[in-house]
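**Student:** Sharing a structure below in structure tokens format, with a few things to ask.
The values are calculated or read from the model by the stated rules, or taken from the named source; none is laboratory data. Here the structure is a predicted model, which is why all the values come from computation and not from measurement. Here the Cβ is made from the backbone with ideal geometry for all residues, glycine too, and neighbour counts use every protein chain on show.
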Amino acid sequence: MKDQPHPHTLSWLQRGHTETPAPETDLKVGPLVEPGAGLPQPSPGCSSARSRYLVGSPGHCFKRVTLTKPTFCHNCSDFIWGLVGFLCEVCNLMCHEKCLKNLRVTCSCMAPTLVQVPVAHCFGPAGQKKRFCCVCRKPTEGNASLRCEVCEMHVHADCSVFSCADCRLCHLDGTQALDTFQHHWREGNLPSGARCEVCRRSCASSDVLAGMRCEWCGVTSHAACYAVLSPECQLGRLGSMLLPPACLQLCSRNYSKMHCYRIAEGSHHDMDTLDEMGPSSPLPTRETPQTTPSESAKQAVRVFDGDDAVKRGAFRLISVPRVTRKEELVEAALRAFYLPEQPQRYELQELGTLQPLHSEDILNRNGTLDHKGTLKDASAEAWVLRAVPLDTEVLKVYACWLKTGLSHASIPISRNSTVDSVLKEVLVQLGPQKKDSSDFNLVEVHMGSKQVLRQVLTSQELLLDKLQEIRKVSLRQMNQTRFYATENSNHVIQVSLLIGGLPLLLPREEYTQLIQEHLSVKSHLVTMSHMYGSQGAVVLQISCFSEAERIYMLAKDTAVCGKQLSSLVIPQILHNKLAKGACPMLVFVNPKSGGMKGRELLYSFRKLLNPHQVFDMSNGGPLAGFHTFREVPRFKVLVCGGDGTVGWVLGVLEAIRHKLVCPEPPIGIVPLGTGNDLARVLRWGAGYSGEDPHHILLSLEEADEVLMDRWTILLDAQDLSEDASQGDPDSGYLEPPKIVQMNNYFGLGIDAELSLDFHQAREDDPDKFTSRFHNKGVYVKVGLQKLSHTRNLHKHLRLQVDKQEIELPNIEGLIFLNIPSWGSGADLWGSEGDSRFGKPRIDDGMLEVLGVTGVVHMGQVQSGLRSGIRIAQGNYVRITVTKPIPVQVDGEPWVQSSGHIIISAAGPKVRMLRKSKQKQRKFSGVKDARAESPSSREGGH
């Protein structure tokens with residue numbers, strides 16, 4: 001008979017408690033009964049047993065405790081008045097007695113049974129904000145805590161090994177299908193101000209792990225209320241700019257989630273050693289529930305959960321009384337390893353001798369005699385927890401062809417049960433019955449928190465031996481293991497790798513030769529689908545997992561022409577599955593900008609959107625994002641960085657726009673740089689000051705689209721022929737010029753010299769330049785050193801604007817403006833009217849030419865006391881430089897040699913997003929979706 005979709009093992013039931021008398025009361029899983037009703041009688045050989053309440057909460061093992069400090073309920077988040085609370089001995093959940101009736105939060109030991117689709121976490125170092133561990137429910141502090149880069153999973157480093165693969169499903173792998181998109185609930189760590197979607201009361205808590213939140217739409221609710229909400233998720237207020245998992249496909253069998261989401265591994269601690277706990281760094285001590293008169297009456301016992309733990313020295317320290325029975329120690333060990341099993345099925349074996357500890361044995365470390373005698377051989381400090389071998393078991397097999405998530409069949413197995421016989425039983429119970437079992441595979445899936453491992457079992461493999469083998473290696477691994485029945489089918493494998501760092505502007509044949517020479521690709525498995533010569537990058541389509549993994553790892557260790565190659569896994573957006581009117585957001589974040597704010601924004605946007613939409617600029621640049629979105633008919637771009645980062649994105653967009661279905665996506669800015677002049681003009685502010693990322697995305701949805709000019713600067717365009725020097729420009733030729741794109745301004749002379757000194761100081765000691773205030777202070781310092789400069793720049797320059805010679809005044813700096821903001825927000829042009837010139841605009845196709853007389857003049861402009869010297873306006877500029885001179889484009893300085901500089905319009909205007917002036921937005925009555933609760937009446941658009 002088919003089991004229910006949500007099977008909750010009745011763990012901690014009818015355990016053989018043989019504890020000393022104590023005032024606490026155990027609460028066990030099961031039907032709710034009145035206090036004192038149906039209490040078990042004391043076990044033989046035990047003076048008494050604790051009285052027990054039975055509650056309907058899955059997996060918990062409660063005891064009544066006396067509260068000695070202010071405590072809050074984890075179920076309703078209210079204060080617990082009085083001196084009595086109820087504490088789960090496994091996951092540390094605390095609640096009122098009245099909340100036991102409607103407790104819906106599952107215990108941490110039951111988390112693997114609730115996983116819909118196994119998806120591993122991407123653990124990295126936690127931030128500075130106060131959070132609570134999702135495993136043990138205690139506060140996370142310092143460097144010993146981790147957070148998932150994709151979901152709101154926060155854990156202690158030593159608790160991460162007990163979490164399971166319950167991260168967000170962000171893409172499909174080609175073998176899955178989603179009929180409906182359901183909420184992905186995560187408990188606790190809600191922002192202040194969160195309110196329940198059902199009862200509208202506050203459900204957030206800064207004191208305990210309380211409340212539930214959907215990690216897609218942001219709906220928040222009490223743990224007791226969220227079950228009444230519709231299981232279907234509408235994606236909330238950000239639905240129109242979010243890529244649903246059904247629209248993304250990525251064959252990622254051999255890649256970690258860090259690789260799939262292009263998360264730079266260098267910015268994280270080494271996660272591979274999290275569970276390498278040994279005697280020098282044991283896991284926290286877990287105490288049994290006994291009340292003892294003093295700490296001297298307790299002892300710490302090392303317990304391993306299998307051969308793998310013994311090999312690595314990874315144990316749990318369990319604090320038990322010095323006089324302890326076997327059942328008590330086994331139960332404490334099960335709780336320490338978060339195993340929802342009955343202690344009768346387990347035994348303890350002494351490490352070294354591996355002799356089992358019998359049920360009548362009593363550990364006595366005091367050296368005193370009890371009524372059964374002294375166990376001299378039972379004084380070992382380390383034990384291995386083992387499962388008692390059984391002749392028959394019940395195996396749960398999940399059916400991949402059923403889309404109800406947790407539907408499974410319970411199949412009795414014996415010593416002779418094979419994979420083939422079990423598959424036949426599964427087909428009888430769950431169908432499709434008309435098909436033969438040879439058309440199906442039984443897949444073993446280990447749902448580890450850091451990686452999901454899959455293994456196809458052979459048809460004649462004995463399953464009972466397989467289960468016992470897994471338990472012998474690790475009981476924790478067995479608790480995180482499932483078996484899936486999957487249908488045999490020849491799925492088309494296509495893995496896309498973006499290989500960057502190649503030489504620029506080569507023909508396809510030379511790129512193919514370089515790839516073959518350095519990566520030794522197999523031509524029958526690998527094809528070059530796209531080529532970006534201006535960026536020195538190609539995209540490889542690979543039809544074999546192992547070949548894709550080999551190329552990915554080899555490229556990261558390969559250099560071509562002295563330049564290190566980069567390798568990124570690229571997902572495929574199924575644009576035909578996007579909702580009508582959808583306009584997904586493509587986010588670029590420069591984590592090196594704005595100190596640590598860039599990294600926090602990167603983390604926040606991965607949480608709010610699909611992480612496949614968010615790209616780290618330090619890991620491959622903007623090309624990977626534009627290539628991923630190349631077939632999306634309509635999208636917007638958000639750039640988080642300074643003016644240089646915005647220019648980088650605009651430059652790549654200009655180079656590859658002809659390969660995009662949406663060649664002119666509008667671009668918004670989160671200012672993380674020092675000057676942020678373009679962001680100021682577009683009303684995004686002088687700098688990022690901690691605004692809620694959710695509000696930023698909503699502002700982008702309401703922003704106005706404006707056009708902006710861009711300009712091409714040809715440098716070192718020096719005439720080399722004699723005919724040209726004699727005045728015949730048609731017969732002369734120019735050496736290949738250096739081409740630079742300009743968005744904000746171009747400067748020659750004193751302002752470029754200050755920028756050059758600043759950049760040199762930053763390169764000498766980059767760790768000091770993490771604050772905008774410090775950066776501006778350095779600018780002031782280098783400016784004061786230039787006070788003695790003379791005004792002779794005009795003697796070394798010749799200027800033509802629209803083919804007319806312009807006489808230069810006595811100046812020390814010449815500046816060309818495209819936007820009405822310069823040098824961190826200064827109005828260099830000024831607001832005074834002038835009949836000679838038109839009013840500057842960012843889309844008028846004109847450059848404003850101005851001069852400054854020196855550092856003092858620049859300081860007066862910055863203070864608003866003066867404006868620059870207006871010289872000209874035009875759309876074509878030619879400058880002749882007679883000596884090397886400092887220049888800078890959008891804050892990027894260098895020393896330019898003598899020659900010609902030509903400035904002209906660069907192709908079509910770009911579309912930018914300007915923040916709306918409207919203060920009262922239509923959603924002003926609803927707070928942040930992560931702080932309140934966006935309902936279905938708001939979501940989906």
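**Student:** Residues ARG186, ARG168, ARG131: which one is farther than 28 Å from LEU334 by Cβ and modelled with pLDDT of 90 or more? Working first, answer last.
**Tutor:** Values: ARG186 fails: farther than 28 Å from LEU334 by Cβ; ARG131 fails: farther than 28 Å from LEU334 by Cβ.
Just one listed residue meets the conditions, ARG168.
**Student:** Every residue in segment 204-230 that is hydrophobic (A, V, I, L, M, F, W, C) and in a loop (DSSP other than H, G, I, E, B), please.
**Tutor:** The first filter runs over segment 204-230 and keeps only residues hydrophobic (A, V, I, L, M, F, W, C), leaving 204, 208-210, 212, 214, 216-217, 219, 223-225, 227-229.
Across segment 204-230, the qualifying residues are ALA204, VAL208, LEU209, ALA210, TRP216, CYS217, VAL219, ALA223, ALA224, CYS225, LEU229.
**Student:** Right, another one. Filter segment 566-584 down to residues that are in contact with a Ser or Thr (Cβ under 6 Å, 6 or more places away or on another chain) and under 14 Å from HIS171 (Cβ atoms), then give me how many there are.
**Tutor:** 1
**Student:** With PHE635, PHE626, PHE615 as the choices, which residue is within 18 Å of the chain's Cα centre (by Cα) and either of a type in the set (Phe, Trp, Tyr) or crowded, with 21+ Cβ neighbours inside 10 Å (or both)?
**Tutor:** When all the criteria are applied, what remains is PHE615.
**Student:** Within segment 558-576, work out how many residues are under 27 Å from ILE696 (Cα atoms) and in contact with a strand residue (DSSP E or B) (Cβ under 9 Å, 6 or more places away or on another chain).
**Tutor:** Result for segment 558-576: 5.
**Student:** Can I ask one more? Using the structure shown, decide if LYS450 is closer than 30 Å to ALA332 by Cβ and either assigned by TED's automatic domain parsing to the domain that holds ALA314 or at pLDDT 90 or above (or both).
**Tutor:** No: the conditions fail for LYS450.
**Student:** Just checking, how many residues over segment 622-678 are of a type in the set (A, V, I, L, M) and more than 14 Å from VAL587 (Cβ to Cβ)? So that I can check it myself, show each step before the final result.
**Tutor:** As a first pass, look at segment 622-678 and keep what is of a type in the set (A, V, I, L, M): 623-624, 632, 637-639, 646, 649-650, 652-653, 655-656, 660-661, 667, 669-670, 672, 678.
The next check asks that each one be more than 14 Å from VAL587 (Cβ to Cβ); those that pass are 623, 650, 652-653, 655-656, 660-661, 678.
Count: 9.
One line per residue, one yes/no per condition, for (1) surrounded by fewer than 23 Cβ atoms within 10 Å (Cβ to Cβ); (2) touching an Asp or Glu at 6+ places or on another chain (Cβ under 8 Å); (3) on the phi > 0 side of the Ramachandran plot; (4) not in a loop (DSSP other than H, G, I, E, B):
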residue	(1), (2), (3), (4)
ASN576	yes, no, no, yes
LYS580	yes, no, no, no
GLU600	yes, no, no, yes
ARG606	no, yes, no, yes
ASN619	yes, no, no, no
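**Student:** Test of understanding: among ARG866, ARG921, which residue is touching a Leu at 6+ places or on another chain (Cβ under 9 Å), in a loop (DSSP other than H, G, I, E, B) and modelled with pLDDT under 95?
**Tutor:** The conditions single out ARG921.
**Student:** Do the conditions hold for VAL33, that is, is it outside any strand (DSSP E or B) and at pLDDT below 90?
**Tutor:** Yes.
**Student:** Let me ask something additional. So which of SER421, SER417, SER459 ends up being in contact with a helix residue (DSSP H, G or I) (Cβ under 6 Å, 6 or more places away or on another chain) and surrounded by fewer than 19 Cβ atoms within 10 Å (Cβ to Cβ)?
**Tutor:** Only one candidate passes the filter, namely SER459.
**Student:** Something else now. For segment 825-863, which residues satisfy the criterion of being small (Gly, Ala, Ser), out of contact with any Leu (no Cβ under 8 Å at 6 or more places or on another chain) and under 22 Å from VAL801 (Cβ atoms)?
**Tutor:** GLY830, GLY833, SER835, GLY838, GLY845
**Student:** For segment 834-857, check the following and say yes or no: at least one residue is in contact with a strand residue (DSSP E or B) (Cβ under 7 Å, 6 or more places away or on another chain), in the same structural domain as VAL887 (by TED's automatic domain parsing), modelled with pLDDT of 90 or more and small (Gly, Ala, Ser).
**Tutor:** Yes: one or more hits.
**Student:** If a residue counts only when it is under 19 Å from LEU601 (Cβ atoms) and not assigned by TED's automatic domain parsing to the domain that holds ILE815, which strands (runs of 3 or more DSSP E) contained entirely in segment 627-724 have at least 3 such residues?
**Tutor:** Hits in segment 627-724: 636-641, 667-671.
**Student:** Are any residues in segment 802-835 under 22 Å from ILE713 (Cα atoms) and loosely packed, with under 13 Cβ neighbours inside 10 Å, and if so, which ones?
**Tutor:** Passing the criteria: LYS803, GLN804, GLU805, GLU807.
**Student:** For segment 900-914, enumerate the residues that are surrounded by 20 or more Cβ atoms within 10 Å (Cβ to Cβ) and either among the β-branched types (Val, Ile, Thr) or without any contact (Cβ under 8 Å) to a residue 60 or more places away in the chain (or both).
**Tutor:** Correct list: ILE901, ILE903, VAL910.
**Student:** Just to be sure before I move on: is VAL560 surrounded by fewer than 19 Cβ atoms within 10 Å (Cβ to Cβ) and of a type in the set (Val, Ile, Thr) in the structure I sent?
**Tutor:** yes
**Student:** Working carefully through the options GLN429, GLN460, GLN477, find the one that is outside any strand (DSSP E or B), touching a residue at least 60 places away in the same chain (Cβ under 8 Å) and either assigned by TED's automatic domain parsing to the domain that holds HIS183 or farther than 29 Å from LEU250 by Cβ (or both).
**Tutor:** Among GLN429, GLN460, GLN477, only GLN429 is outside any strand (DSSP E or B), touching a residue at least 60 places away in the same chain (Cβ under 8 Å) and either assigned by TED's automatic domain parsing to the domain that holds HIS183 or farther than 29 Å from LEU250 by Cβ (or both).
**Student:** Follow-up question, since we're still on this one. When the residues of segment 95-111 are narrowed to those that are within 34 Å of the chain's Cα centre (by Cα) and not hydrophobic (A, V, I, L, M, F, W, C), which ends up nearest to LYS138 (Cα to Cα)?
**Tutor:** SER108
**Student:** To continue, here is another question. What residue, of ARG657, ARG680, is under 26 Å from ALA624 (Cα atoms) and either at pLDDT below 95 or of a type in the set (Val, Ile, Thr) (or both)?
**Tutor:** Values: ARG680 fails: under 26 Å from ALA624 (Cα atoms).
Of the residues listed, the single one that is under 26 Å from ALA624 (Cα atoms) and either at pLDDT below 95 or of a type in the set (Val, Ile, Thr) (or both) is ARG657.
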